[in-house]
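Nothing in this text is a laboratory measurement; each read-out follows from the coordinates by a stated rule. It should be emphasised that the depicted structure is a prediction, and the values quoted were computed from it without experimental measurement. With ideal geometry, Cβ positions are generated from the backbone for all residues, glycine too; neighbour counts draw on all protein chains shown.
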Amino acid sequence: MQALRGGGLVAIPTETVYGLAADALDARACSRIFEVKSRPLTDPLIVHVPDPGWLGRLARRPHPVAMQLAEEFWPGPLTLVLPKDPRVPDMVTAGHPTVAIRMSAHPVMHDLLREFAAPVAAPSANRFGRISPTRAEHVRDELGASIDLILDGGPCEHGIESTIVIAGESGVLQILRPGPIAPSQLERFGRVVGNDGLTPSPGTMKSHYAPGIPLQFGGSPPPGLRCGLLAWSVSRPGFAAVEVLAPDGNPRTAATRLYSAMRALDRPDLDLIIADPPPGGGLCEAIRDRLQRAAGQPASGGGD
Ligand code: TXA
Ligand code: MG
């Protein structure tokens, strides 16, 4: 708390991945997030709110469908992109006229925000373009030396980042980043469209969520390379190291384990990671999105 009030940076668990938080209404504090993550100033931050009432204070005339989505899915892994209120610093939204807002269901984030009684800006607590942290030790290893505090809430429940939706003036829901809330859950609130690849961000970079060694999405190991296998549900021989994402075949298990498994295979003695394509839609689609970005081959638009 002290750290946040003093303009410091605190790593906080959420139900998706760990975030790196600063006072959202303090542009200077937020500028430190960009510095520490080596994140381009052009890539906007998500604002986490203590309660849904903040939606009306941070967004300008939010469409009624946005209010309905907040009521249904908050607290939870859904981020809404809405026209921004002038009180949100331009630093946070990277100069965009919109602001991304979410309310996390994690008890640690919830308690912290209740005490802070104001919003925090919190992107995933990793270096820009790299794998999101799902455990406190991931944050400690990557950013420990340059931030003020890490709150350890154990492993994150979902393991992949929130679904990001633009709830624009027309009431059409555009999914910018697939995540734990599936398109089928959004359909009763309006027409759902995917990322057309033209809407700026999330993360317009080609490569994202990436380990230090190359990752290949699908296919077989090229001859002569020492490969690690990121298997979906069953292991195969012929690899120097193997991580199985969902031994029970359940996509939720795969999502929870995804980033830890990618980190475990990110070893200097391996040349390449081969990732099995996830088999279905819904959450599998969100995992496929992350793996394709890690491979530098996004199917559409953006990433961070
Ligand atoms: O689950 C999550 O969303 C996690 C936890 C920590 O909350 N946060 C997260 O933040 O994944 P970050 O910054 O790593 O990814 C957020 C993405 C970025 O790619 C950014 O470009 C996009 O959201 N974004 C932020 N504000 C936006 C806006 N106004 N319009 C479009 N995209 C935006
Ligand atoms: Mg990120």
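Here are the numbers for this structure:
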quantity: Distance between region 228-255 and region 112-179 - C-alpha centres, whole angstrom; calculated: 25 Å
quantity: Backbone HN-Hα couplings from phi across region 41-48 [Karplus 6.51/-1.76/1.60, Hz, Gly and Pro as x]; calculated: 5, 8, 10, x, 9, 8, 9, 9
quantity: Net charge dipole size for region 195-295 [Lys, Arg +1 and Asp, Glu -1 on Cβ; Debye, nearest 20]; calculated: 100 debye
quantity: In Hz, Karplus ³J(HN,Hα) per residue of region 92-102 (6.51, -1.76, 1.60; θ = phi - 60°; x = Gly, Pro); calculated: 5, 9, 6, x, 5, x, 10, 10, 9, 10, 8
quantity: Simple Cβ-charge dipole of region 1-91, Lys/Arg +1 and Asp/Glu -1, about Cα centre, in debye nearest 20; calculated: 300 debye
quantity: Peptide ranges 21-32, 211-222 listed from the most packed, as the mean C-beta count within 10 angstrom indicates; calculated: 21-32, 211-222
